[in-house]
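**Student:** Quick one: this structure, given as structure tokens, is what I'll be asking you about.
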């Protein structure tokens, strides 16, 4: 356990104990972590995080030169991203937290790395979990990021190779047709 995790756990336990003693019951608020640039990659991990209203998302930098710029959010939300907007960048070990109160979808990106795909989403819903899927139906390859045309091209290529091999085999084994006019008579 590193120092940051220890302090977060110890601080959370102390705050929870204080809240219970002060109010008699603890609210079920949680903190979820998003790693910014894990291992030097240009991603947020996880890319999509689900929280309940009142939960906090803690962004932890694991590489240099990143920020969080809010692209879209619910109308009555007030998230502004990291201080300084698109102009200020932060380095390894920087931490930034925001508590999300308004239900909806919050989309954000890293200003210098947006074109490289460094984007993320915070979804605030009642459960704080991803919606359950419809029960194991057939998966759509396009929905998984694979264009369906690639499947057709692959199948057609394999089929063309097989037909060519079969035609060559029969031509070599049996020769030309008896009804074809040629020099083999």
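**Student:** Quick check on the stretch 166-185: of everything there that is part of a loop (DSSP other than H, G, I, E, B) and surrounded by 10 or more Cβ atoms within 10 Å (Cβ to Cβ), which residue is modelled with the highest pLDDT? Reasoning before the result, please.
**Tutor:** Restricting attention to the stretch 166-185, the residues satisfying the condition of being part of a loop (DSSP other than H, G, I, E, B) are 175-185.
Next, only the ones that are surrounded by 10 or more Cβ atoms within 10 Å (Cβ to Cβ) stay: 175-176.
Details: 175: 78, 176: 71.
Only one residue fits best here, namely 175.
**Student:** Yes or no: residue 163 surrounded by 14 or more Cβ atoms within 10 Å (Cβ to Cβ) and modelled with pLDDT of 90 or more?
**Tutor:** No: the conditions fail for residue 163.
**Student:** Yes or no: residue 37 touching a strand residue (DSSP E or B) at 6+ places or on another chain (Cβ under 7 Å), farther than 21 Å from residue 119 by Cα and modelled with pLDDT of 90 or more? Don't jump to the end; show me each part of the working.
**Tutor:** Details: touching a strand residue (DSSP E or B) at 6+ places or on another chain (Cβ under 7 Å): yes; farther than 21 Å from residue 119 by Cα: no; modelled with pLDDT of 90 or more: yes.
Answer is no for this residue.
The values are calculated or read from the model by the stated rules, or taken from the named source; none is laboratory data. What you see is a predicted model, and the numbers here were worked out from it, not measured in a lab. For neighbour counting, all protein chains shown are included, and Cβ atoms are generated from backbone atoms with ideal geometry for every residue, glycine included.
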